[in-house]
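Trainee: Starting off with a structure, shown below.
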Amino acid sequence: MKSMIITATASSGVDGKFQAVCGSTQDANTLSQLMTAGLLYKKYQASKDNPELGQLLDQTTVAPSGDRVLIRLSISDEQMTSLIRRNTFAFKM
């Protein structure tokens with residue numbers, strides 16, 4: 001991966017777009033497949049303890065686009081509140 005472009009728009013929720021710029025189209029395809037598998041794995045891990053996180057990961061899209069990988073997700077205010085209440089973003093030591 002050469003670089004990452006992150007765009008976030010906040011209004012009634014947060015829309016996030018991440019673009020991972022890769023060295024080649026093949027690298028982008030490989031990274032896309034690995035990220036999709038990782039999200040699927042994490043979604044099933046989280047579905048028992050944190051179903052809101054599982055739902056968010058299920059709504060996340062990952063798609064290769066030339067030498068880039070596009071990752072998009074949208075979080076509503078209600079989802080964000082629920083994730084914060086469950087300490088989803090807290091660092092675990």
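The values are calculated or read from the model by the stated rules, or taken from the named source; none is laboratory data. Given the structure is predicted, the values throughout are model-derived calculations rather than measurements. Backbone-built Cβ (ideal geometry, glycine too); neighbour counts: all protein chains shown. In case anyone asks, the SASA skips ligands and DNA or RNA and just uses the protein heavy atoms, side chains included. Shrake-Rupley method; radii C 1.70, N 1.55, O 1.52, S 1.80 Å.
Trainee: Condition first: small (Gly, Ala, Ser) and modelled with pLDDT of 85 or more. Now tell me which residues in region 74-93 satisfy that.
Mentor: Of everything in region 74-93, those that are small (Gly, Ala, Ser) and modelled with pLDDT of 85 or more turn out to be 74, 76, 82.
Trainee: Condition first: touching a helix residue (DSSP H, G or I) at 6+ places or on another chain (Cβ under 9 Å) and surrounded by 13 or more Cβ atoms within 10 Å (Cβ to Cβ). Can you find one or more residues in region 7-18 that meet it?
Mentor: There is at least one residue in region 7-18 that is touching a helix residue (DSSP H, G or I) at 6+ places or on another chain (Cβ under 9 Å) and surrounded by 13 or more Cβ atoms within 10 Å (Cβ to Cβ).
Trainee: Which of the strands (runs of 3 or more DSSP E) contained wholly in the chain include at least 2 residues that are touching a residue at least 24 places away in the same chain (Cβ under 8 Å) and of a type in the set (Val, Ile, Thr)?
Mentor: It comes to 13-21, 68-75.
Trainee: Residue 9: touching a Lys or Arg at 6+ places or on another chain (Cβ under 9 Å) and among the β-branched types (Val, Ile, Thr), yes or no?
Mentor: yes
Trainee: Mind checking which residues of region 37-53 are among the small types (Gly, Ala, Ser) and either within 11 Å of the chain's Cα centre (by Cα) or exposed (fewer than 14 other Cβ atoms within 10 Å of the Cβ) (or both)?
Mentor: Selection gives 37, 38.
Trainee: Considering only residues of region 54-80 that are among the β-branched types (Val, Ile, Thr) and open to solvent by less than 60 Å² (accessible area, probe 1.4 Å), which is farthest from residue 3 (Cα to Cα)?
Mentor: 75
Trainee: Taking residue 32 and the conditions (1) more than 24 Å from residue 88 (Cβ to Cβ); (2) open to solvent by 40 Å² or more (accessible area, probe 1.4 Å); (3) of a type outside the set (A, V, I, L, M, F, W, C), which numbered condition does it fall short on, given that it satisfies the others?
Mentor: Going through (1) more than 24 Å from residue 88 (Cβ to Cβ); (2) open to solvent by 40 Å² or more (accessible area, probe 1.4 Å); (3) of a type outside the set (A, V, I, L, M, F, W, C) one by one, residue 32 breaks only (2).
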